[in-house]
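All remarks here apply to the structure that follows.
The values are calculated or read from the model by the stated rules, or taken from the named source; none is laboratory data. What you are looking at is a predicted structure, and each value in this text was computed from that prediction instead of being measured. Cβ: placed from backbone, ideal geometry, glycine included. Neighbour counts: every protein chain shown.
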Amino acid sequence: MFRKLTDDLWVSPQITREDIAAAAVQGITLVINNRPEGESADQTDGDTIAAAARSAGLAYVAIPITHAGFSQAQVAAMRDALGGATGPILAYCRSGTRSTLLWGLAEASGGADPAALTRQAAAAGYDLGPVRAMMDMLASGQR
């Protein structure tokens, strides 16, 4: 269920309380919720995931991404979350795509090579094409 993007980052479709236990066993130390509340009737709400994460000794942060797109504040928040983690991270949304796109933007904003990021995402089954132009801009230092 969890797809490996890097040695320290995994992405996933919507998770449940039970998935938190699996994440803890896998060594995850931070859960990043990129799904907005109320997106679908069948999703586990963020408060439930946050409580399960805390109970398992994991850190939790919510950076909700709607289908409206990505803001600079969201990119900065993701970059901060990734940089501040003390171990492996699990980021999730409805399918894992928004988490992967936000990761690509955050890493590019820190100067990572967009082509390398695109290859990493593709190896995990995700396409950074929708944000590639923005990644190139961020990586070049333009805002």
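See the values below:
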quantity: Total residues in segment 58-74, condition surrounded by 14 or more Cβ atoms within 10 Å (Cβ to Cβ), closer than 24 Å to Ser40 by Cα and either in contact with a strand residue (DSSP E or B) (Cβ under 8 Å, 6 or more places away or on another chain) or among the hydrophobic types (A, V, I, L, M, F, W, C) (or both); calculated: 7
quantity: Meets criteria (out of contact with any Phe, Trp or Tyr (no Cβ under 6 Å at 6 or more places or on another chain), surrounded by 14 or more Cβ atoms within 10 Å (Cβ to Cβ) and modelled with pLDDT under 95) for Gln43; calculated: yes
quantity: Residue within segment 26-36 that is surrounded by fewer than 20 Cβ atoms within 10 Å (Cβ to Cβ), in a loop (DSSP other than H, G, I, E, B), under 14 Å from the mean Cα position of the chain (by Cα) and among the β-branched types (Val, Ile, Thr) present; calculated: yes
quantity: Of the criteria (1) free of Cβ contacts under 8 Å to residues at least 40 places away in the same chain; (2) within 17 Å of the chain's Cα centre (by Cα), which one Ser55 fails; calculated: (2)
